[in-house]
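To start, the structure under review is shown below, and the notes come after it.
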Amino acid sequence: MSGELEENISRAILNASHKYWDELLSLDVAICGSGPSGLTAAKYLAAKGLKVAVFERHLSFGGGTWGGGMGYPEIVVEKPADEILREFGIKLTPVKDTELYTTNSVEVPAKLSVGALNAGAKIVTGIVVEDVVLRENKVAGIVINGYPIEKAGLHIDPLTIMAKYVIDATGHEASITNILAGKNPELDIKVCGEKSMWAEKGEESLLTNMKEIYPGLFIVGMAASAVCGSHRMGAIFGGMYLSGKKCAEEIAEKLVK
Ligand code: 48F
């Protein structure tokens with residue numbers, strides 16, 4: 001490159017970003033939300049050789065893990081989800097006379113994201129998923145915009161990412177399923193809404209609530225609880241990892257020959 005340093009910096013960024021975005025335009029799996037369920041799904045899908053990207057509206061990834069329980073920097077995970085965290089190299093401390101472990105609320109999102117990135121997934125931050133692409137009886141991609149653009153209320157048209165499968169990993173809001181259901185009432189998708197705290201029931205029901213809610217659209221983590229009307233569970237996270245992994249396995253089964 002020739003030219004002033006400032007010009008070269010700008011050109012390098014634009015050229016590299018163009019290549020980066022070009023590779024994102026058609027994916028095997030688009031994951032909406034970078035909380036524990038989304039990052040876990042990303043790692044296991046990418047490890048199967050699938051082309052995967054996680055879209056997160058904030059500049060940081062990790063969703064609700066960073067803050068621990070009411071700001072105390074530890075979260076809890078129960079058996080058998082501890083096995084998943086060990087695969088990511090996350091340290092666990094057993095809680096005496098229980099099936100629980102504590103783990104650090106900063107180490108968890110940091111290592112989940114490293115695991116997803118090392119497996120080959122991309123994590124795209126500062127991007128809000130504002131709609132899905134619909135085809136005949138199927139979700140076929142996502143509609144995205146810059147989060148600052150949405151925040152500022154600017155009327156700027158979005159871009160699209162085509163994907164064979166979309167995962168709603170947007171947590172308590174279940175924003176992707178809510179958008180699909182709200183904009184297309186004829187699809188008859190019911191979003192029940194999350195129930196009050198009952199940790200055991202909430203955790204237990206996550207694996208059955210994780211499902212393909214509409215062809216091409218899977219729900220995981222708290223989004224699955226919210227859509228299916230299950231209970232919240234607070235700072236215990238086993239169901240997030242287990243549902244993320246199960247979702248990845250179900251999609252990989254369909255896509256990997
Ligand atoms: O909330 P979040 O961590 O979802 P999760 O994986 O885990 C839930 C737990 O953190 C916790 C809990 C455990 O018992 O109750 O809450 O189900 O992460 C969801 C992520 O999605 C992003 C949001 O910023 C967060 O980082 N998100 C939500 N809507 C959108 C989005 C959207 N429309 N576009 C992009 N990102």
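Coordinate-derived values only; no laboratory data. A quick note: this is a predicted structure, and the numbers were derived from the prediction, not measured. Every residue, glycine among them, receives a Cβ derived from its backbone with ideal geometry; neighbour counts consider all protein chains shown.
With respect to I176, determine if the residue is assigned to a helix (DSSP H, G or I), touching a residue at least 12 places away in the same chain (Cβ under 8 Å), touching a Leu at 6+ places or on another chain (Cβ under 9 Å) and within 22 Å of E250 (Cβ to Cβ).
Values: assigned to a helix (DSSP H, G or I): yes; touching a residue at least 12 places away in the same chain (Cβ under 8 Å): yes; touching a Leu at 6+ places or on another chain (Cβ under 9 Å): yes; within 22 Å of E250 (Cβ to Cβ): yes.
The answer is yes for I176.
Considering only the range 57-73, I want to know if a residue exists there that is touching a residue at least 24 places away in the same chain (Cβ under 8 Å), within 22 Å of C247 (Cβ to Cβ) and part of a strand (DSSP E or B).
For the range 57-73, residues touching a residue at least 24 places away in the same chain (Cβ under 8 Å), within 22 Å of C247 (Cβ to Cβ) and part of a strand (DSSP E or B): absent.
Would the range 222-242 turn up any residue that is in contact with a strand residue (DSSP E or B) (Cβ under 6 Å, 6 or more places away or on another chain) and part of a strand (DSSP E or B)?
Within the range 222-242, one or more residues are in contact with a strand residue (DSSP E or B) (Cβ under 6 Å, 6 or more places away or on another chain) and part of a strand (DSSP E or B).
Please enumerate the residues belonging to the range 41-61 that are surrounded by fewer than 22 Cβ atoms within 10 Å (Cβ to Cβ) and within 9 Å of the ligand (Cβ to nearest atom).
Those that are surrounded by fewer than 22 Cβ atoms within 10 Å (Cβ to Cβ) and within 9 Å of the ligand (Cβ to nearest atom): H58, S60.
Of a type outside the set (A, V, I, L, M), outside any loop (DSSP other than H, G, I, E, B), away from the ligand (no atom under 12 Å from the Cβ) and farther than 16 Å from S34 by Cα: is that true of K164 in this structure?
Values: of a type outside the set (A, V, I, L, M): yes; outside any loop (DSSP other than H, G, I, E, B): yes; away from the ligand (no atom under 12 Å from the Cβ): yes; farther than 16 Å from S34 by Cα: yes.
Yes: the conditions hold for K164.
Out of V220, V256, I need the residue that is buried (at least 22 other Cβ atoms within 10 Å of the Cβ) and either in contact (Cβ under 8 Å) with a residue 12 or more places away in the chain or farther than 25 Å from Y44 by Cβ (or both). Which one? I'd like the intermediate steps shown before the answer.
Values: V256 fails: buried (at least 22 other Cβ atoms within 10 Å of the Cβ).
Answer to the check: V220.
Do we have V52 as within 16 Å of the chain's Cα centre (by Cα) and more than 30 Å from A140 (Cβ to Cβ) here? Before the answer, list the steps.
On the way: within 16 Å of the chain's Cα centre (by Cα): yes; more than 30 Å from A140 (Cβ to Cβ): no.
The answer is no for V52.
Quick one: would you say K151 is among the basic types (K, R) and either under 23 Å from D28 (Cβ atoms) or surrounded by 19 or more Cβ atoms within 10 Å (Cβ to Cβ) (or both)? If you could, list the steps in order and put the result at the bottom.
Details: among the basic types (K, R): yes; either under 23 Å from D28 (Cβ atoms) or surrounded by 19 or more Cβ atoms within 10 Å (Cβ to Cβ) (or both): no.
Criteria not met by K151.
Determine, yes or no, whether L85 is surrounded by 18 or more Cβ atoms within 10 Å (Cβ to Cβ) and touching a Pro at 6+ places or on another chain (Cβ under 8 Å). Show your work before the answer.
Numbers: surrounded by 18 or more Cβ atoms within 10 Å (Cβ to Cβ): yes; touching a Pro at 6+ places or on another chain (Cβ under 8 Å): no.
So L85 fails the test.
Search the range 102-123 for residues that are in contact (Cβ under 8 Å) with a residue 24 or more places away in the chain and surrounded by fewer than 23 Cβ atoms within 10 Å (Cβ to Cβ) and pair each with any residue that is small (G, A, S) and assigned to a helix (DSSP H, G or I) when their beta-carbon atoms are under 7 Å apart and the residues are at least 6 apart or on different chains.
That search, which allows pairs on different chains as well, returns A119/A46; A119/A47; G120/A46; I123/S113; I123/A116.
Give me the residue from the range 11-40 that is small (G, A, S), surrounded by 18 or more Cβ atoms within 10 Å (Cβ to Cβ) and not in a loop (DSSP other than H, G, I, E, B) and, out of that set, farthest from the ligand (Cβ to nearest atom). Before you say what the answer is, go through the steps one by one.
Kept after step one, since they are small (G, A, S), are these residues of the range 11-40: 12, 16-17, 26, 30, 33-35, 37-38.
Then keep just the ones that are surrounded by 18 or more Cβ atoms within 10 Å (Cβ to Cβ); that gives 30, 33-35, 37-38.
Retained after the next criterion (residues that are not in a loop (DSSP other than H, G, I, E, B)): 30, 37-38.
Working: A30: 10, S37: 3, G38: 6 Å.
My answer is A30.
Just to be sure I understand the filter: pairs with C-beta atoms under 8 Å, separated by 6 or more residues or on different chains, first member in the range 20-41 and over 11 Å from A121 (Cβ atoms) and of a type in the set (S, T, N, Q), second member within 16 Å of the ligand (Cβ to nearest atom) and assigned to a strand (DSSP E or B). Which pairs pass?
S26/I161; S26/A163
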